[in-house]
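Only one structure is covered here, and it is reproduced in the block below.
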Amino acid sequence: MSYLEHNVKTVPTGLHKILYLNWAVILLLASVSGIGFLMLYSVAGGSMTPWAEPQMKRFALGMGLLFFIAMVPIWFWRNMSVLAYGVSVALLLGVQFFGTTHMGAKRWIDLGFMELQPSELAKISLIMVLAAYYDWLDIRKTSRPIWVIIPLLIILIPTALVLIQPDLGTAILLVAGGGIIMFLAGVSWLYFAAVIGAVAGAITAVFQFRGTDWQFLKDYQYRRIDTFLDPASDPLGAGYHITQSKIALGSGGWTGRGFMQGTQARLNFLPEKHTDFIFTTLAEEFGFLGAFSLLGLYTLIIVFCITSALKNKDRFASLITLGVAATLFLFFAVNMSMVMGLAPVVGVPLPLVSYGGSAMLVLLIAFGLMQSAHVHRPR
Amino acid sequence: MRPAAKDTAESQRRITRRALFLGASQLAFVGALGARMRYLQVDQADQYRLLADENRINIRLLPPARGLIYDRNGVPLATNKQVYRITIVREDAGDVDEVVARLNALVPIPPEELERALEEMKRRSSFVPVTIADRLKWEDIAEVAVNAPALPGITPEVGLTRNYPMANDFAHIIGYVGAVNKADLNRVDDRDPLLQIPRFQIGKIGVEAKLERTLRGKAGTKRIEVNAVGRVMRELGREEGISGANLQLTIDSGLQNYVQARLAGESAAAVVIDTVTGDLLAIGSTPAFDPNKFVNGISQADYNALLENKYRPLPNKAMQGIYPPGSTFKMMTALAALEAGVVTSEDTVKCKGYVEVGGRRFHCWKRAGHGNVNLHNSLKKSCDVFYYEMAQRAGVERISAMARRFGFGTKFDIPMSSVAKGLAPTKAWKLENRGAEWVIGDSLNASIGQGFVLSSPLQQAVMTARIATGKAVIPRLIKSIDGVDVPIEGGEDMDLNENNLRLVRKGMFAVSNVSGGTAYRSRILGDEYRMAGKTGTSQVGNKVVRNSDVAWEKRDHALFVSYAPYDNPRIAVSVVVEHGGGGSKAAAPIARDIVLQALYGGLPPVSAYPKADRWRIQKEQRALPLRDPNATAEESDQA
């Protein structure tokens, strides 16, 4: 029984709910996706295929899901949290047995009509289950060790499964996303200080043991770190991505070379031009103004989410809204850091812009939850 | 269980606090991203834009047309010939084997060339054109063009290659070009990117090599956009190159042809120089070779044949061959003695066949002796003993100084791979280079052009021209560059006593015009074209047997220098026939024929020859394998 249920009568019902959606966020999501379509059209050399058109179809599907989820009361979704989490973990386990392998990573389950990436589902279900956990947990127990260990396990189980795929980028996002929910729920600062300290120690250890039989990371992961630290050291090999990406960004200048005029992507100097590195094409063609505008749109979405969360008196709703915002933030922050040479290349897409079905659908589902929380907030 | 309202409020406050903190952190991070964006895109924009252009823009060189070379009358000597080749692009061809088979049916391709092309195709990306057949005839290309629809991926291309229509005649002067190789790149400090083009032709020897920069021209460029794997996307712009400068040589191709033909069969060299301007009208060196063979890479067998030929066809003997001048040097000794005032025209020296100096006996070539000889007769009869006496009177330093004024020891600035310096020895030279004191015997040897004295046929010709005119004539090979005349150098008065010069010239006149002169048999009849000359026989090793009794390479070198007409000198000629025996017999007739050819501008009338020789000479002249001037013109039209 939650506080929420006493106010149900004030919550809008039926199609009337549509008026109570957070339309600003929906428009922003559509704008960002629109930029994505433009860029996919551009990197395909001015063609709707092979990327822009499928991406638009997925967006339409995702938007449908968003509206559907938004119409369903948030407490229903809270009750579904544990189930969603369970299904995600089961799918992640399933990947290990039935998954298909692309580029050395086992991440996908072939559903026949599309390839599902369970790790994407895990991102959203993890936030749901943690939000539900802290909604359920007595607030005074929040920082007690036993009640801290439980969410930690909830985070680490899917993380471990994702890491063995291997998919370092998603693993980092899962840990960071989960950690942010714990932080928001009010877990003591001391735990975070301890974890940060431990991570720093672990990083030291990782490098200390490099080259020995006990090294923690795979060689390619070490190399990625090396080239991150000094991309110029291997411009045609491991550093190629970052170097070419920085060239594309830098050659954009203030206003860019103009739509479809970017040479780096069109001439295939850019790797992964339609997925992880699509931001570089935007930056090359629309310059600093274009790139900064996209950053601004993302920031506005987050600002609207935080505002919505702060107005929401329901604990689950607040946490899920903030969690969705944090997920979006982590996506674009890691992706942009990566293409601008501030972080290692870990394979995180630019949310709603990069080509990819699972990521877009999951994000729109997440925002469906955010909208549901917004519509059904206690008044 | 319902949470207490207090707890809920506390929870709200906590979430708000944390959310605001998190939001602030996120904003800070967004700020950092924005700053980084600004740094890369605005502050570093210029640098990165340059890198992006470097990425995508490739510069392809367009080789310029090499400058042409003409003779003094505008006859082409080195031209550019269009050659055709066929390239194949794998991805356009589809079934490569099928297309190649069809092509082979039209144009037979040598198996090894085909194998190389197929090998290269496998190695390169599928869009790179690979040359499959080279140096094709126009007919072959036409055949391929007609059948183009059946030959996907096949493109006929046109290029330029060097051609020498005069073949052997100018092998030593113009030299040849060849594909640039590693040795060339290491040898010359030349940063011209053209040299990086595979099979780009550069001058290897001769004028082609020495005036490489002039002839090469400037590369044009084509800016093309390429993608990450190097495929050409489009042409962004092109800048045409500048063709190399055309050269005009001072050589007369007709005379050159005659000289080469006249020297054929001997290992010989001849130089014809204009006594007034210093223009080199002909530079003969035999045997010669066909420079066209070198252009596309000479076969090992042909090259070995050239290397093993004992007559040494490769070096230009007229420029880099150095020989003891023998008796042709006597003019130097005579002039040195006259200028020093140690002899007069009346002074006589008694020649009894030898003279004893310092306990050694020095022989005259005429063992019986010449009797009393004055300067005039000493030249006419080439008496050695007279010059032994002059050497003692004048001393070697004066003789050598005189020789240097006439060009000995001077490396003339002729654009050839190797131009000999020769030597007019001095006491200091011997001490330094041989580590021995100069002895009187050295002076005696030097006085008759033996011993240490060395000169090239070019220097001999220059010496003769200077004697004939009394002017410091300087040889010149390049008449004009791209229509701009190369200035004539030298020609200053040599500041010699005209009477002394006249005395020497009279002696030389007697050599080839007065009965008893050593080259009387090679005289020219007809007053306007009288020839003055001097024979020379330079010893190869010491011997007392006759030349005809020893092996070819041990025989003496035959030399002759001459100028004509005697009254109004226009040309000077020097001839060296290696191991030819005596100068009067082997060299003088050649020089006489060359002089006549040069003065008449073609075959001379028989009246120029002494009656007794006319029939024989006419037969010989007709037998010479001369180039038909009309045929030459036709061939050059095609080129």
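The values are calculated or read from the model by the stated rules, or taken from the named source; none is laboratory data. All values reported here derive from a predicted model rather than from experimental measurement. Using ideal geometry, Cβ is built from the backbone for each residue, glycine included, and neighbour counts are taken over all protein chains shown.
Annotations
- When we screen A:Ile196, A:Ile203, A:Ile164 for residues that are out of contact with any strand residue (DSSP E or B) (no Cβ under 7 Å at 6 or more places or on another chain), modelled with pLDDT of 80 or more and farther than 30 Å from B:Leu20 by Cα, the only hit is A:Ile164.
- If you check B:Ile109, B:Ile15, B:Ile88 for being more than 30 Å from A:Gln261 (Cα to Cα), within 37 Å of the chain's Cα centre (by Cα) and β-branched (Val, Ile, Thr), only one passes: B:Ile109.
- Residue check for B:Gly67: at pLDDT 80 or above, more than 14 Å from chain A (Cβ to nearest Cβ), buried (at least 19 other Cβ atoms within 10 Å of the Cβ) and not in a strand (DSSP E or B): yes
- Residue match in the range B:73-83 (condition: among the hydroxyl-bearing types (Ser, Thr, Tyr), surrounded by 15 or more Cβ atoms within 10 Å (Cβ to Cβ) and in the same structural domain as B:Leu136 (by TED's automatic domain parsing)): yes
- Residues that are part of a helix (DSSP H, G or I), within 14 Å of chain B (Cβ to nearest Cβ) and crowded, with 24+ Cβ neighbours inside 10 Å, drawn from the range A:335-363: A:Asn335, A:Met336, A:Met338, A:Val339
- Conditions (1) surrounded by fewer than 21 Cβ atoms within 10 Å (Cβ to Cβ); (2) over 19 Å from B:Leu33 (Cβ atoms); (3) at pLDDT 75 or above; number of the one not met by A:His274: (1)
- Residue satisfying condition, being at pLDDT 80 or above, within 12 Å of chain B (Cβ to nearest Cβ) and outside any loop (DSSP other than H, G, I, E, B), within set A:Leu184, A:Leu174: A:Leu184
- Of all the numbered requirements in (1) in a helix (DSSP H, G or I); (2) more than 30 Å from A:Thr243 (Cβ to Cβ); (3) within 14 Å of chain B (Cβ to nearest Cβ), A:Lys313 misses one, and that requirement is (1).
- Flag if A:Asp314 is in contact with a helix residue (DSSP H, G or I) (Cβ under 9 Å, 6 or more places away or on another chain), over 22 Å from B:Gly34 (Cβ atoms), of a type in the set (Asp, Glu) and crowded, with 24+ Cβ neighbours inside 10 Å: yes
Residues are listed down the side, and each one gets a yes or a no for (1) among the small types (Gly, Ala, Ser); (2) crowded, with 19+ Cβ neighbours inside 10 Å; (3) in a helix (DSSP H, G or I):
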| residue | (1), (2), (3) |
| --- | --- |
| B:Leu255 | no, yes, yes |
| B:Leu281 | no, yes, no |
| B:Phe294 | no, yes, yes |
| B:Asp302 | no, no, yes |
| B:Arg312 | no, no, no |
| B:Met319 | no, yes, yes |
| B:Thr328 | no, yes, yes |
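- Going through (1) modelled with pLDDT under 75; (2) more than 14 Å from every other protein chain (Cβ to nearest Cβ) one by one, B:Glu225 falls short only on (2).
- Looking only at the range B:32-50, and only at residues there that are more than 7 Å from chain A (Cβ to nearest Cβ) and over 13 Å from A:Ser337 (Cβ atoms), the one that is nearest to the chain's Cα centre (by Cα): B:Leu50
- Scope the range A:114-164; condition of a type in the set (S, T, N, Q) and either in contact with a Gly (Cβ under 7 Å, 6 or more places away or on another chain) or part of a helix (DSSP H, G or I) (or both); matching residues: A:Ser119, A:Ser125, A:Thr142, A:Thr159
- Applying the criterion of being among the small types (Gly, Ala, Ser) and within 18 Å of A:Lys273 (Cβ to Cβ) to the residues of the range A:324-356, the residue that is modelled with the lowest pLDDT is A:Gly347.
- The condition of being more than 11 Å from every other protein chain (Cβ to nearest Cβ), in a helix (DSSP H, G or I) and surrounded by 24 or more Cβ atoms within 10 Å (Cβ to Cβ) holds for only one of A:Gly323, A:Gly368, that being A:Gly368.
- For the range B:429-440, filtering for residues that are surrounded by 12 or more Cβ atoms within 10 Å (Cβ to Cβ), assigned to a helix (DSSP H, G or I) and of a type outside the set (A, V, I, L, M) leaves 3.
- Considering the conditions (1) outside any helix (DSSP H, G or I); (2) touching a Phe, Trp or Tyr at 6+ places or on another chain (Cβ under 9 Å); (3) of a type in the set (Gly, Ala, Ser), B:Ser443 is excluded by exactly one of them, (1).
- Within the range A:147-167, residues that are more than 19 Å from A:Arg107 (Cβ to Cβ) have Cβ atoms under 7 Å from residues that are at pLDDT below 90 in these pairs: A:Trp147/A:Leu137; A:Trp147/A:Lys141; A:Val148/A:Val187; A:Val148/A:Tyr191, counting only partners at least 6 apart in sequence or on another chain.
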